[in-house]
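Data block below; observations after.
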Amino acid sequence: MMRETDVIPLTGDELTAIAYGLGAEAFPGARSSCFDAADPELRPMLAHGFLMSLVARGLLTPDPDGVLQPSDELAVLIGAVASHRVHLSVEQRMPATHPGSILRWEIMTAEAGTVRHLVDDPIHFFAIDPADGDPASVVADLVDRSAGPGAPGRTRRRADRSRLDEIVPAPDGGWRRVTRLTRGGTDGRARIDGFLGILDGGPGQLWLVHDDTVDETLVAVPVSADEVDAALRAAAAG
């Protein structure tokens, strides 16, 4: 049985080979691979070679007919990509403690479970959460919002979406976390049908940022920790 702590490391080349085997051009979140520079007629040979590397690792096994069958963990990963009901992309920065660093995840939920994909080219890390888990809790763990009530009396602020962390003046010491969450993917191949931003300056300094469909700007609203959790549950709902 798979455990929540199961982690599968895969290279961008291996992910592209998996996508190729599924009839797709690329794997969500895998931004580059050696396939990009290869002639189209060489791609089947490349895919075969990288799939054999997965056989050597025990992630693929030939059946009696020679057809490659995935391990339980890889089957959940492939199933989530091929038939996910929720696809969220999460980008997070921590200006106060790690200026300049960016973490990116792709989260895909299907019937068999939820896959957390940490995009860290050239190696990608996948954590498998069981089918009976709560996808919203996966997102909440990544967001790691501060506790506490909201700060009443502050006003809504409007801005364009080019500089999310400048919509609201940063608190002393800078933002603890700036999280950008899109539903539908951000790899240029999937439709984006939802956006949510979370500005976290510590307890009492939480803001939700969402689209204003009237004038196509973003609106930042001061909220409590509970309201952040509710927004994340709505974003992760199937």
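The values are calculated or read from the model by the stated rules, or taken from the named source; none is laboratory data. All values reported here derive from a predicted model rather than from experimental measurement. No Cβ is skipped: glycine too gets one built from the backbone with ideal geometry, and neighbour counts run over all protein chains shown. Just so you know, the surface numbers come from the protein's heavy atoms only, side chains and all, with ligands and any DNA or RNA stripped out. Shrake-Rupley method; radii C 1.70, N 1.55, O 1.52, S 1.80 Å.
Identify which of 90, 138, 115 has the largest mean-square fluctuation in a Gaussian network model of the chain, with springs joining Cα atoms closer than 10 Å. Checking each option, the largest mean-square fluctuation is seen for 138. Heavy atoms only, probe 1.4 Å: what % of the accessible area of the chain goes to carbon and sulfur, would you let me know? Within the chain, the accessible surface is 53 percent carbon and sulfur. In the chain, the longest principal axis of the Cα atoms and the axis of helix 72-83 are about 70 degrees apart.
Axis of helix 12-21 versus longest Cα principal axis of the chain: the two differ by about 60°, to the nearest ten degrees. The stretch between residue 24 and residue 102, if pulled fully straight at 0.36 nm per residue, gains 25.4 nm over its current Cα-Cα span.
In the chain, the longest principal axis of the Cα atoms and the axis of helix 225-236 are about 30 degrees apart.
When the chain is treated as a Gaussian network with alpha carbon springs shorter than 10 Å, the biggest mean-square fluctuation among 89, 32, 101 belongs to 101. Taking every protein chain into account, the accessible area of the chain amounts to 51 square angstrom per residue (probe 1.4 Å). A Förster distance of 22 Å, applied to the separation of the beta-carbon atoms of residue 42 and residue 67, puts the FRET efficiency at 0.45. When peptides 41-52, 59-70, 16-27 are sorted by average Cβ neighbour count within 10 Å, with the highest value leading, the order is 16-27, 41-52, 59-70. Placing R0 at 30 angstrom, the Cβ-Cβ distance between residue 85 and residue 32 gives a FRET efficiency of 0.60 after rounding to 0.05.
Calculated FRET efficiency, residue 125 to residue 165, Cβ-Cβ distance, R0 = 25 Å: about 0.45 to the nearest 0.05.
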